[in-house]
1. Please report how far the C-alpha centroid of region 137-207 lies from that of region 21-74, rounded to the nearest whole angstrom.
2. Based on the mean of other beta carbon atoms within 10 Å per residue, what is the order of 38-45, 24-31, 56-63, most packed first?
3. Of Pro176, Trp156, Leu128, which is farthest on the positive side of the dipole of region 3-200, counting Cα position, with +1 on Lys and Arg Cβ, -1 on Asp and Glu Cβ, and the Cα centre as origin?
4. Hey, could you grab the Kirkwood Rh for region 3-200? Inverse mean 1/r over distinct alpha carbon pairs, Å, one decimal.
5. If packing is taken as the mean number of other Cβ atoms within 10 Å per residue, what is the order of 161-174, 88-101, highest first?
6. Under the 0.36 nm per residue contour assumption, what length would be gained going from the current alpha-carbon distance of Phe21 and Ser173 to full extension?
7. Between Leu161 and Ile187, with labels modelled 7 Å along Cα→Cβ, what's the label distance in nm to one decimal, could you check?
8. Looking only at region 94-127, which residues have a backbone nitrogen under 12 Å from a spot 7 Å from the Cα of Ala29 in the C-beta direction?
Amino acid sequence: MDLINLFVKSIFIENMIFAYFLGMCSYLAVSKTVKTAVGLGAAVIFVLVITVPINYLIDTYLLQAGALSWLGPEYASIDLSFLSFIMFIAVIASMVQLVEMIVEKFSPALYGSLGIFLPLIAVNCSILGGALFMQQKDFSGITEAITYGAGSGIGWFLAILAIAAIREKIAYSNVPAPLKGLGITFIITGLMAIGFMSFMGIKLEGNQEELKEKTVYESEEEKSDEASTYITNLDNE
């Protein structure tokens with residue numbers, strides 16, 4: 001898979017917020033100002049860039065069926081894939097703890113403004129989603145895992161930055177009372193998600209190959225159906 005295609009796809013086409021709606025808790029709670037949104041977005045990028053490749057290595061060389069064959073042929077039959085969730089969350093929690101200590105040390109004001117939502121990155125759906133999607137996509141190397149982690153993090157960062165900028169502006173707008181706060185935020189998020197759906201029309205190289213394979217498969221299926229219909233007609237005659 002081409003790295004640039006994977007990077008662009010993970011930012012725009014498979015955006016964690018607008019395509020899968022993962023990490024909505026932090027997205028809604030910390031997007032009241034651009035400053036806090038930038039801080040949390042940067043933290044999410046860092047955690048995804050670190051945890052996705054680490055979890056890739058753990059999954060590839062420890063958890064998958066036959067992954068322990070490098071220890072010897074007697075370990076080839078061991079399958080530890082049932083430990084995926086526990087291991088992924090453990091790695092994510094340790095990285096979030098590291099981020100929390102760094103932010104508290106170098107930016108106490110940002111640490112205070114993020115509050116409880118900084119340690120809650122450990123249970124952010126987009127972080128665990130990045131690891132699970134990585135597992136599902138079956139990447140061929142750690143470079144693809146790093147690229148996917150970076151792209152997913154940047155996509156989440158752009159989403160929270162955009163909604164934070166909009167929320168700062170609409171704070172001075174005449175919003176109907178029932179829609180103030182989260183109400184108008186949900187509506188805007190839905191509209192932005194519809195806008196991001198337009199990126200699905202981008203024909204990347206990987207998408208074109210998948211479309212070509214799908215077209216060939218469908219044409220073969222149609223030919224098979226036509227042949228079956230012809231044989232049935234002959235039998236009826």
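1. Region 137-207 and region 21-74 have Cα centres spaced 18 Å from each other.
2. Working: 38-45: 22.0, 24-31: 19.9, 56-63: 17.8.
Per-residue mean Cβ counts within 10 Å order the peptides as 38-45, 24-31, 56-63.
3. Pro176
4. Mean inverse Cα-Cα distance, inverted, gives 17.8 Å.
5. Highest to lowest by the protection proxy: 88-101, 161-174.
6. 52.1 nm
7. That separation, rounded to one decimal, is 2.7 nm.
8. 114-125
No lab work stands behind these numbers, since they all come straight from the coordinates. All of these numbers come straight from a predicted model, not from anything done at the bench. Quick reminder, even Gly has a Cβ in these numbers, built from the backbone with ideal geometry, and neighbours come from all protein chains shown.
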